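These notes are about the structure you will find just below.
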Protein chains: 4
Amino acid sequence: MLYRAYLQISNFISNALAVIKSPQVENFIKLLEDAYKNDRRILVIGAGRSGLVGRAFAMRLKHLGFDVYVLGDTIVSPVRKDDIVIAISGSGRTALIVTAAEAAKTVGAKVIAITSFIDSPLARLADVVVEIPGRTKISHVEDYFARQVLGLHEPLAPLGTLFEDCAAVFLDAVIAELMHRFGKTEEDLRQEHANIEV
Amino acid sequence: MLYRAYLQISNFISNALAVIKSPQVENFIKLLEDAYKNDRRILVIGAGRSGLVGRAFAMRLKHLGFDVYVLGDTIVSPVRKDDIVIAISGSGRTALIVTAAEAAKTVGAKVIAITSFIDSPLARLADVVVEIPGRTKISHVEDYFARQVLGLHEPLAPLGTLFEDCAAVFLDAVIAELMHRFGKTEEDLRQEHANIEV
Amino acid sequence: MLYRAYLQISNFISNALAVIKSPQVENFIKLLEDAYKNDRRILVIGAGRSGLVGRAFAMRLKHLGFDVYVLGDTIVSPVRKDDIVIAISGSGRTALIVTAAEAAKTVGAKVIAITSFIDSPLARLADVVVEIPGRTKISHVEDYFARQVLGLHEPLAPLGTLFEDCAAVFLDAVIAELMHRFGKTEEDLRQEHANIEV
Amino acid sequence: MLYRAYLQISNFISNALAVIKSPQVENFIKLLEDAYKNDRRILVIGAGRSGLVGRAFAMRLKHLGFDVYVLGDTIVSPVRKDDIVIAISGSGRTALIVTAAEAAKTVGAKVIAITSFIDSPLARLADVVVEIPGRTKISHVEDYFARQVLGLHEPLAPLGTLFEDCAAVFLDAVIAELMHRFGKTEEDLRQEHANIEV
């Protein structure tokens, strides 16, 4: 079961690349590039495991030299006009994340939504949306046949797992793109990596 | 670059499955099963992005009904004899994590190390080791040719990225295996999922 | 200035005891006692420094044997009907905390507000309110004369400092009361104290 | 019991001021002033409730304009030569905090210990120590008589409570002193206060 689940998740990640929309990605990267060049702050928000994916991304943005903060950290700078809030939520409906994104809009920040649902409350209020597939977006049909064949009645990757793992890999690829555009080497990142951490 | 990096990471994850060692995995799962049946506490420890991978795993253990805690959370129960400490560190050398694992041994807890290095300080003190490949374990040679061909001098996935993403997918597959062994459905997990979170 | 500020804060804390309302306190303690006896979960929520005061209180509730969680921790159980949500906010207006408290009401949990403002959004939706003075509640007049005399135009304890320090001491006194009612000794608490923590 | 405990804590805080040593405080403030003027980073470390006291202090340092980080946050900058690490531990013996302080010394950072024990491992490796009384430092004798008279066999403020509450007020007084020296107003702090937080 472990191997089958591993394959299901890794195949999902591999296949998702074909589904991710280039124009959305380009808008996202462009906003990040502008933020970097114009010293805009970035605040990353997300709940539960989506929040952890956001934190992993935020760490790499920090290593790249961004002025980045994470909702839930002790040290958070205020968000101002034209700063960037990156909100990660598979469903796009997590109450506290939508409330936080609304607060960001109120002060004139730009909101980027990383979500599976283009018509969710979070996506609707966002300036830029990047759709990342989750189980509900791609795999229902596929799964239907797979489950028939396999005699399974439960998905192997429960709840938001596919969205979360897929978003994690996608955001790590965004980091590679930013490294390339900024001419940053791995050694540059290492210099900004925390040396006392837990 | 983004697409190439995405492919590099997703291919690495796919290929890693062949490298992960079944007996190590079976020992790991067995300890988790015993912990579940005997009401042992689990403490998950890790620093930086490895710590986030550990937190994502800990959330799912919680959803499965484990009595689980995370180093760094406000609410942490004491670790006792025969409790389980799961330590995640690609290098197996992170000072605070090794110190925490040593403290766990002192009180008689069992330490499971998820790491790329079987001969690291963390792995050496652990009762069970699960080797998860990172860049240094598998891809140096592959990368060598790839880089020659592509003219790249820097890896696309910097620092611990490959270990972290690979460990995340592996641990999600462990969750699928535990769901299967415990007869838990996705709905069972949903019942234990936080409904107020950030 | 440091000594004057220290005295201002410690005097404020000392004087606040006369202002705290016994019936409010008794309702609060009663809810906690009931939660303890009936295995109700407690979720502590608060933002910024008020959130830290809440976390310090939550740790002691854990040491006392409560099934307690903190908004922002990795490991959080869902809140059910009749569980307790303790919300700490000097102003009673912090957007995310009010949203979280509303979510708690929706699932039938009881909300306890620790706040300086009885007429705030948080206090209005709460089942039990405990008013803890902050600068705006007590010290404006006092400060007025003090400032005239001292020629100061700024308070020595900025923003929510007085509320936060006062709430911290008040909640530690609540812990003493609960120890007394539950017949718990310091050694009992020590047994539940984390032995691997950061 | 609640009122008696409240009084015991607030009296302890009030009385502690006479015990805190001016030269230690002056060294501490001087290091902070230098850090501010020379753009040194500050990393605040502490475990459990002492860690929360450190976080509350770190927030105010951030509001004052310091480049400050907290062990345990997602976003943490590396510590370099001449940066400042502020370690808070009543006992001065918390394993992970001593390990972290040692790591700080290795990279040439200056360590400030806030502790009750001048001869603890943490204090011994620190460049500057500020002794803050806890139960063990002041109140043993007083308590002895108090307990005889009152017939109590347990202190009303368990474990590190007195140290933690006292350190919190002391550090808030340090903030007032820094505001004064830097000519900062409450409005200045408000400008740096997070506007989206939890």
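Looking only at segment C:90-103, filter to residues that are in contact (Cβ under 8 Å) with a residue 40 or more places away in the chain and in contact with a helix residue (DSSP H, G or I) (Cβ under 7 Å, 6 or more places away or on another chain); which one of those is nearest to C:Glu164 (Cα to Cα)? Checking each candidate, the answer is C:Gly90. Does segment B:55-72 hold any residues that are more than 21 Å from B:Arg181 (Cβ to Cβ) and in contact with a Gly (Cβ under 9 Å, 6 or more places away or on another chain), and which are they? Selection gives B:Arg55, B:Val70, B:Leu71, B:Gly72. Among the residues of segment B:188-198, those that are more than 7 Å from chain A (Cβ to nearest Cβ) and either of a type in the set (Phe, Trp, Tyr) or assigned to a helix (DSSP H, G or I) (or both) comprise B:Asp188, B:Gln191, B:Glu192. Taken together, A:Asp82, A:Asp127 contain a single residue that is at pLDDT 95 or above and over 27 Å from A:Val19 (Cβ atoms), which is A:Asp82. For residues in segment A:154-174 being in contact (Cβ under 8 Å) with a residue 40 or more places away in the chain and of a type in the set (Asp, Glu), which is farthest from B:Ala176 (Cα to Cα)? Top of the filtered list is A:Asp172. Quick check, is A:Lys30 in contact with a strand residue (DSSP E or B) (Cβ under 9 Å, 6 or more places away or on another chain), at pLDDT 95 or above, among the basic types (Lys, Arg) and closer than 30 Å to C:Gly51 by Cα? No, not satisfied.
Of all residues in segment B:175-187, those satisfying the criterion of being assigned to a helix (DSSP H, G or I) and in contact (Cβ under 8 Å) with a residue 12 or more places away in the chain are B:Ile175, B:Glu177, B:Leu178, B:Met179, B:Arg181, B:Phe182. The single condition from (1) at the interface with chain B (Cβ under 8 Å from one of its Cβ atoms); (2) free of Cβ contacts under 8 Å to residues at least 24 places away in the same chain that A:Glu26 fails is (1).
In summary, B:Leu125 fulfils each of the numbered conditions (1) farther than 15 Å from B:Arg55 by Cα; (2) more than 12 Å from every other protein chain (Cβ to nearest Cβ); (3) hydrophobic (A, V, I, L, M, F, W, C); (4) crowded, with 18+ Cβ neighbours inside 10 Å with the single exception of condition (4).
Looking at D:Leu52, D:Leu31, D:Leu64, which one is among the aliphatic types (A, V, I, L, M) and more than 13 Å from chain A (Cβ to nearest Cβ)? Every option except D:Leu31 fails the conditions. Checked against the criterion of being surrounded by fewer than 20 Cβ atoms within 10 Å (Cβ to Cβ), modelled with pLDDT of 95 or more and either part of a helix (DSSP H, G or I) or within 11 Å of another protein chain (Cβ to nearest Cβ) (or both), segment D:159-174 contains not a single residue that satisfies it. Of the residues making up segment D:104-118, those that are part of a loop (DSSP other than H, G, I, E, B) and in contact (Cβ under 8 Å) with a residue 24 or more places away in the chain number 5. Screening B:Val130 with (1) part of a strand (DSSP E or B); (2) closer than 24 Å to A:Ile196 by Cα gives one miss only, at (2).
Results for (1) of a type in the set (S, T, N, Q); (2) away from chain C (no Cβ under 12 Å); (3) under 21 Å from D:Ala100 (Cα atoms); (4) touching a helix residue (DSSP H, G or I) at 6+ places or on another chain (Cβ under 7 Å), shown as yes or no for each residue.
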{"position": "B:Leu71", "(1), (2), (3), (4)": "no, no, yes, yes"}
{"position": "B:Asp82", "(1), (2), (3), (4)": "no, yes, no, no"}
{"position": "B:Ile88", "(1), (2), (3), (4)": "no, yes, yes, yes"}
{"position": "B:Gly108", "(1), (2), (3), (4)": "no, no, no, no"}
{"position": "B:Phe117", "(1), (2), (3), (4)": "no, yes, no, yes"}
{"position": "B:Val129", "(1), (2), (3), (4)": "no, yes, no, yes"}
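Beta carbons closer than 6 Å, at least 6 apart along the sequence or on distinct chains, pair a first residue in segment D:51-76 that is among the basic types (Lys, Arg) with a second that is surrounded by 23 or more Cβ atoms within 10 Å (Cβ to Cβ) and part of a helix (DSSP H, G or I) for D:Arg55/C:Leu52; D:Arg60/D:Ile175. Could you please let me know if C:Phe57 is aromatic (Phe, Trp, Tyr), within 30 Å of D:Glu26 (Cβ to Cβ) and more than 8 Å from chain D (Cβ to nearest Cβ)? It is false that C:Phe57 is aromatic (Phe, Trp, Tyr), within 30 Å of D:Glu26 (Cβ to Cβ) and more than 8 Å from chain D (Cβ to nearest Cβ).
The values are calculated or read from the model by the stated rules, or taken from the named source; none is laboratory data. Please read these numbers as outputs of a predicted model, since none were measured by experiment. Positions of Cβ are generated from backbone atoms using ideal geometry, with glycine treated the same way; all protein chains shown enter the neighbour counts.
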